Amino acid sequence: MKNVIYLIIAGILTYSCSGGGDDSGEQAENQAPTKVSTLTYPTNNLLCITNVLDFQWEAASDPDGDSVSYVLEISQDNGFAAIDESFTVSNTNKTVTLDKGIAYYWRVKATDSKNLSSDYSSVYQFYTEGDGGLNHLPFAPELLSPDLNTTITGSTVNLNWKANDVDDDSLTYDVFFGTENPPVNKEGDNQEENSLTVNINASTDYYWKVIAKDNNGGETIGQVWSFSTQ
């Protein structure tokens, strides 16, 4: 009888120490902060009246309640291949002095205290204060479709992009397309439309770029985009 009692007590103690199979004590996996949804200032396509700018954006939230910091990146390249300025701050604003008369692009991402980051925000573009009467170059063309480095099917593809000019000048485009990187074959010449349909072959890598030109002699060469075919 004593042996039976000892076995019952041992079983109770084992169950208590193991928590009865409850795994609620396990740590939950850390989750990234939310993406910064709104860039407040400078607004998109803004012609600034100064080169000292107070960058502002809406706060992100963290599902785990972790503290959040922000990485602000500023570049003269809308693809951010080169970063002119980068700052890590704990609040949602940062004052930055930039060169005058330059087209800049900016974005923000949130990072929690465990170094897990959100995706980047949208990219906004602006011009800093320049000389009076100066013609501003168009902003670099932005890719719409096909998606960068995607794989597509078919015998033709419609290339789509957009571009803006802070002076509201009318824009025309030269489009270069081909299998060379960078592309040298001009498929679209001084066209007003911001799309172009081109013929494609199967199992091929293609590259294309757009040059945006205003009616005052200014032009901006866009970055090289690419896609593949099945």
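About the Cα centre, and with charges only on the beta carbon of Lys, Arg (+1) and Asp, Glu (-1), how big is the dipole of the range 113-191? Nearest 20 debye, please. Walk me through the numbers before you get to the answer.
Working: 3 positive and 13 negative charges, 96 e Å.
Dipole about the Cα centre, nearest 20: 460 debye.
P(r) of the chain in 5 Å steps, Cα pairs, percent per bin?
Taking every Cα pair in the chain, the percentages come to 1, 6, 11, 12, 12, 11, 11, 9, 6, 4, 2, 2, 2, 2, 2, 2, 1, 1, 1, 0, 0.
Counting each DSSP H run of 4 or more residues in the chain as -39500 (n - 2.57), what helix-only mean residue ellipticity at 222 nm follows after dividing by all residues, to the nearest 500 deg cm²/dmol?
-2500 deg cm²/dmol
Can you give the local net charge around Leu137? Use residues other than it whose beta-carbon is closer than 11 angstrom to its beta-carbon, Lys and Arg +1, Asp and Glu -1.
Working: positive: Lys213; negative: Asp165, Asp167, Asp169, Asp214, Glu219.
Net of charged neighbours comes to -4.
Using Cα springs under 10 Å in a Gaussian network model of the chain, which residue among Thr153, Thr92, Thr128 shows the largest mean-square fluctuation?
Of Thr153, Thr92, Thr128, the most mobile in the Gaussian network model is Thr153.
Evaluate the relative contact order of the chain (contact order divided by residue number), counting alpha-carbon pairs under 8 angstrom at least 6 apart; express in whole percent.
17 percent
Taking the Cβ of Thr179 as the centre, find all other residues whose Cβ is under 15 Å away and add up their charges (Lys, Arg: +1; Asp, Glu: -1).
Here the count lands on -1.
In whole Å and largest first, what semi-axes does the C-alpha gyration tensor of the range 129-230 yield when each eigenvalue is scaled by 5 and square-rooted?
Those come to 29, 12, 11 Å.
Please give the net charge around Asp112, taking every other residue with its beta carbon less than 10 angstrom from that of Asp112, where Lys and Arg add +1 and Asp and Glu add -1.
-2
Sorted from largest to smallest, which semi-axis lengths in Å does the alpha carbon gyration tensor of the range 52-92 give for its equivalent ellipsoid, taking the root of 5 times each eigenvalue?
Details: eigenvalues 111, 31, 14 Å².
Value: 24, 12, 8 Å, ordered largest first.
If each residue of separation counts as 0.36 nm, what is the full-extension length gain between Ser113 and Thr204 once their alpha-carbon separation is subtracted?
So the chain would gain 28.4 nm between Ser113 and Thr204.
In this model, which of Lys162/Lys186; Lys109/Lys213; Lys35/Lys100; Lys109/Lys209 are farther than 20 Å apart at the alpha-carbon? Can you show the working numbers first?
Details: Lys162/Lys186 18 Å; Lys109/Lys213 32 Å; Lys35/Lys100 30 Å; Lys109/Lys209 27 Å.
Over 20 Å apart, Cα to Cα: Lys109/Lys213; Lys35/Lys100; Lys109/Lys209.
Using modelled amide H (1.01 Å from N, peptide plane; none on Pro or chain starts), what sits under 5 Å from the amide H of Gly218, excluding residues fewer than 5 places away?
When sequence neighbours closer than 5 places are left aside, there are no close amide H contacts.
Accessible area per residue for the range 158-230 in Å², computed with a 1.4 Å probe and the full protein assembly in place, what is it?
Ligands and nucleic acids excluded, the result is 51 Å² per residue.
Taking only Cα atoms, what is the 0 to 90° angle, nearest 10, from helix 2-18's long axis to the longest principal axis of the chain?
So the helix axis and the longest Cα principal axis differ by about 20 degrees.
The values are calculated or read from the model by the stated rules, or taken from the named source; none is laboratory data. As the structure is a prediction and not an experimental result, all values here were calculated from the model. We place every Cβ from the backbone using ideal geometry, glycine too, and count neighbours over all the protein chains shown. Areas reflect the complete protein model, heavy atoms only, side chains present, ligands, DNA and RNA absent. Shrake-Rupley method; radii C 1.70, N 1.55, O 1.52, S 1.80 Å.
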